[in-house]
Amino acid sequence: MTTPFKRKLLAAAVAGSFVLTAAMAADLEIKAPPGGRVVIKNADGTTTAFIADSNGNVTIPALPASSTASTNIVCFDAAGLLAKCPASLVGATGATGPTGPTGATGATGSTGATGATSTVAGPTGPTGATGATGSTGATGATSTAVGPTGATGATGSTGATGSTGATSTIAGPTGPTGATGATGATGATSTVVGPTGPTGATGSTGATGSTGATSTIAGPIGPTGATGATGATGATGATSTAVGPTGPTGATGATGATGATSTAVGPTGATGANGTNGAVGPTGPKGTGAYSVSFNGTVSSALPNPLYPISIDISGNTTLISTTGFIMSMSSAGLLGTGFSASYKTADCTGTPYYAAGSRLPGSVFTARSGPTGTNNDRLVYIPKNAVAETFARSSQGSSETGAGSCNVSSTTVTAFPAIDLSGPAAIATTGVGIGIGPHTPIVVNYVP
């Protein structure tokens, strides 16, 4: 328990420390004795305002019962002991509230002191209104000096034209030239063309001026002078040995009489290029003598790729046509086609084979030799329907159908069609021929009633 004496002593010490602080302008420090506290009360000592113990605990006893609210957070217990607030008490920052209404306009402040005189000229203000005209001054004394000549007045309007007098037969003397009048104001542009005035008299020729510097620009060409008189004919010159230029072609003469008919045959002209193949004509009517041809017991029209006979001779040689319009021959021995001599554009009989246009036509299928050393009739070839004959110098393969092939270089030319091997599905689809060279025996011809 604190005695009154001790309280007065403490108060005196605190008051003395405040005085000392004011005098020394230093911080005031109050230290609690060991195990004791620093207690601050109101003026009459009835209310404890602040307690700090030696452990650093601070208590504000009146805080729990205080009704004063604050936006700041202070954490304390039931006795008013201050403590650190737990993190859970601090919530998330709320949304910004709406802006409050604008406050009332404050009172106008007092007029400030006049600033120092500026050394920079301000902008020129607008021109003021023109003042009223002053009263007329008194007339001055008459001057004896001649004043300056006034400006020339405007030209007066032209007077009316007088009536024309009688025409005089005697020319009157020319009057002196009058002084040039002042130039009148330009009138409005007229929309009516006035009459052309009379041509003035030609003035006298002026003195010849000095010759100017030579011009580097050609002047205009003067008018062509009159043609001079024809001069006398000169003497005939020596005969020229140079041929003169050819004169213009004369008019076509009249057609001469027809000469006698010649009995001599003229030279044969060069063979023209082969024309393009014409379109395939429509299928002709069925013949009166209908028949069919069988190969190995199968009628040709019943083959997987049907073939139809279009002619047959007494020896059994048959001509056939496919469903795509390609034609071929079958010998009596059952061999498809017959071999022919091939021509090549190379000297060693290699490359694309060509067959003479007189022996085979576009759209035909036949056998051929597979190279100079091949056996005759050992492969099938065909000439496309759109093939174009070519003319070239050839090296010819041996033409014997049964003998060994040979390659003979020749300087002669040939006109022939290119041929393609008939092998593979594409060639079969193009030609419609699906059988091999053969032999396809026996060959049987049947009558079709």
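What the table shows:
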{"item": "The range 101-249 shape via C-alpha gyration tensor axes, a/c threshold 1.5", "result": "oblate"}
{"item": "Under 14 Å from the VAL299 label point (7 Å along Cα→beta-carbon), backbone N, the range 307-348", "result": "307-309"}
{"item": "Ordering of 53-62, 325-334 by packing [mean C-beta count within 10 Å, highest first]", "result": "325-334, 53-62"}
{"item": "Full-stretch length increase - THR196, ALA356 - with 0.36 nm per residue and alpha-carbon distance subtracted", "result": "48.1 nm"}
{"item": "Computed lengthening from PHE76 to THR114, 0.36 nm per intervening residue step minus Cα-Cα distance", "result": "7.9 nm"}
{"item": "Approximate spin-label separation THR246-PHE50, in nm, with each point projected 7 Å along Cα-to-Cβ", "result": "13.8 nm"}
{"item": "Angstrom value of the Kirkwood radius, inverse mean 1/r, which spans all Cα pairs in the range 69-178", "result": "31.0 Å"}
{"item": "Accessible surface of the range 142-261, 1.4 Å probe, proportion on carbon and sulfur as whole %", "result": "57 percent"}
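The values are calculated or read from the model by the stated rules, or taken from the named source; none is laboratory data. Because the structure is predicted, anything quoted here is derived from the model rather than measured. So basically every Cβ, Gly included, is an ideal-geometry build from the backbone, and we count neighbours across all protein chains shown. All accessible areas refer to the heavy atoms of the entire protein, side chains included, with ligands and DNA or RNA removed. Shrake-Rupley method; radii C 1.70, N 1.55, O 1.52, S 1.80 Å.
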